[in-house]
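The values are calculated or read from the model by the stated rules, or taken from the named source; none is laboratory data. Source: prediction; values computed, not measured. Methodologically, a virtual Cβ is constructed for each residue, glycine included, from the backbone with ideal geometry; neighbour enumeration extends over all protein chains shown.
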Amino acid sequence: MPLLLALCAFHAAAHDVSARTPTPLTCGNASDAVPLYCLAYPGAVNDYFYSPIVGDIDLISHSDGYNLQGVACYVFTTQELSTIPLFHVYDSTTPDNLYTTSTGERDLALENGYLDAGTVAYIYPSQICGSVPFYRLYNAAGTAHYYTINGTERNALLAAGGWADEGIAGYVLDWSLCSP
Ligand SMILES: *[C@@H]1O[C@H](CO)[C@@H](O)[C@H](O)[C@H]1NC(C)=O
Ligand SMILES: *[C@@H]1O[C@H](CO)[C@@H](O)[C@H](O)[C@H]1NC(C)=O
């Protein structure tokens with residue numbers, strides 16, 4: 001599988017270059033990581049919904065008309081060693097789904113009319129345990145937050161215009177790319 005090998009080489013190189021924190025003695029058990037699915041709302045008013053829960057995906061695709069895009073990355077659904085909660089708040093009018101590890105940002109969104117959807121997943125707060133950045137972008141015209149581990153896609157969206165760089169939401173796993 002040359003493509004998979006190339007991807008693994010790319011991710012390994014990216015990890016070497018950007019790893020700035022020492023590896024702690026404790027990590028989450030990668031065997032427990034599950035896919036975080038991405039769904040997109042079609043049409044002019046863009047929105048992206050992320051969940052590791054198959055029931056959520058069924059619900060939002062059937063009742064709300066979102067389309068499953070695929071697996072965004074891998075996350076934990078219970079708090080594993082060195083992980084922190086990724087909070088989910090949403091505004092169904094714009095619509096927008098916002099994911100953040102910051103309680104301050106979550107609380108500010110709640111004060112501004114967003115609703116609390118609790119903790120969607122547990123992720124790493126820094127690039128440890130073989131994790132990769134989960135890039136966060138924002139489209140003001142569509143009031144849409146978008147998250148991706150794909151640096152090429154992120155750069156392409158920023159270059160295309162309309163998207164603002166909102167940094168890194170946290171660190172997640174993409175080890176499945178390198179699995180047989
Ligand atoms: C990781 O999880 C797998 C599957 O649940 C389990 O078999 C294994 O013992 C766990 N490893 C550790 C170090 O806890
Ligand atoms: C990353 O994004 C680029 C640009 O959208 C795409 O061509 C490429 O297939 C993506 N890579 C992966 C591993 O999804």
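Points to keep in mind about this one:
- Of the numbered criteria (1) modelled with pLDDT under 95; (2) part of a helix (DSSP H, G or I), the one residue 155 fails is (1).
- Test: residue in region 115-138 that is small (Gly, Ala, Ser) and out of contact with any Phe, Trp or Tyr (no Cβ under 9 Å at 6 or more places or on another chain): no
- Number of positions in region 88-105 that are buried (at least 19 other Cβ atoms within 10 Å of the Cβ) and either more than 17 Å from residue 51 (Cα to Cα) or acidic (Asp, Glu) (or both): 1
- Residue within region 112-134 that is in a strand (DSSP E or B), within 16 Å of ligand 1 (Cβ to nearest atom) and crowded, with 20+ Cβ neighbours inside 10 Å present: yes
- Residue in region 68-91 that is over 17 Å from residue 173 (Cα atoms) and part of a loop (DSSP other than H, G, I, E, B) present: no
- Check on residue 146, in a strand (DSSP E or B), under 17 Å from residue 92 (Cα atoms) and modelled with pLDDT of 95 or more: yes
- Top-ranked residue in region 18-42 [being more than 18 Å from residue 53 (Cα to Cα) and away from ligand 1 (no atom under 13 Å from the Cβ); ranked as modelled with the highest pLDDT]: 42
- Residues of region 132-176 satisfying the condition of being without any contact (Cβ under 8 Å) to a residue 60 or more places away in the chain, β-branched (Val, Ile, Thr) and within 16 Å of ligand 2 (Cβ to nearest atom): 152
- Condition check for residue 109: hydrophobic (A, V, I, L, M, F, W, C), in contact with a strand residue (DSSP E or B) (Cβ under 6 Å, 6 or more places away or on another chain), assigned to a helix (DSSP H, G or I) and away from ligand 2 (no atom under 16 Å from the Cβ): yes
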